[in-house]
Amino acid sequence: LRAENLIPDLILTSSVLRAQESYAALNFTDIPHISCGLDLYTAHSVDDVLLTLQSLIPETTKRVLVIGHNPYIHETALYLGHKNPNAYLPLIAHHYAPATTTIISHDGETWADLHPVYCEIIGVMIPS
């Protein structure tokens with residue numbers, strides 16, 4: 001992420017150990033961090049993920065990194081990217097390996113507008 005100059009303003013993570021390990025491995029200790037407890041881990045739908053994001057991301061945040069869990073982090077990326085399909089969508093369409101990063105632009109006015117109409121996948125990083 002640093003190499004691509006994709007430094008978030010905020011990092012939102014699950015409190016589950018493997019999400020915390022991923023957060024620690026990024027070494028972004030200088031960036032504000034919010035733990036959402038088990039909300040991302042226990043999500044049962046894309047709506048659950050979106051409600052968690054919308055309730056915890058401050059409106060002043062421009063760029064957020066979310067460290068969560070499959071299947072619903074994958075499903076959320078697909079959902080947010082499906083209205084503006086491009087070459088990146090097929091890269092995650094059928095498989096979402098651990099540590100995959102989907103970069104999504106959001107043109108809504110607030111995080112409450114986190115909806116496919118305002119979103120586009122602009123990059124995908126798949127670990128080798």
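The values are calculated or read from the model by the stated rules, or taken from the named source; none is laboratory data. For clarity, every value in this text was computed on a predicted model and none was experimentally measured. So basically every Cβ, Gly included, is an ideal-geometry build from the backbone, and we count neighbours across all protein chains shown. Just so you know, the surface numbers come from the protein's heavy atoms only, side chains and all, with ligands and any DNA or RNA stripped out. Shrake-Rupley method; radii C 1.70, N 1.55, O 1.52, S 1.80 Å.
Quick notes on this one:
- Scanning the range 36-81 for residues that are of a type outside the set (V, I, T), out of contact with any Pro (no Cβ under 8 Å at 6 or more places or on another chain) and open to solvent by less than 40 Å² (accessible area, probe 1.4 Å) gives C36, G37, L40, A43, S45, L50, L53, G68, H69, H74, A77, L78.
- With respect to the conditions (1) closer than 20 Å to T13 by Cβ; (2) of a type outside the set (V, I, T); (3) surrounded by 14 or more Cβ atoms within 10 Å (Cβ to Cβ), Y88 falls short on a single one, namely (1).
- The lone exception for L51 - which of (1) under 16 Å from P71 (Cβ atoms); (2) in a helix (DSSP H, G or I) it fails: (1)
- Looking across the range 7-23, just one residue is part of a loop (DSSP other than H, G, I, E, B), open to solvent by 50 Å² or more (accessible area, probe 1.4 Å) and over 19 Å from K62 (Cα atoms), and that is S15.
- For the range 84-128, residues that are outside any loop (DSSP other than H, G, I, E, B) and either touching a strand residue (DSSP E or B) at 6+ places or on another chain (Cβ under 8 Å) or of a type in the set (A, V, I, L, M, F, W, C) (or both) total 21.
- Failed condition for V66, given (1) in contact (Cβ under 8 Å) with a residue 60 or more places away in the chain; (2) assigned to a strand (DSSP E or B): (1)
- Of all the listed residues (I104, I67, I11), the sole one being within 20 Å of L1 (Cα to Cα) and in contact with a Gly (Cβ under 8 Å, 6 or more places away or on another chain) is I104.
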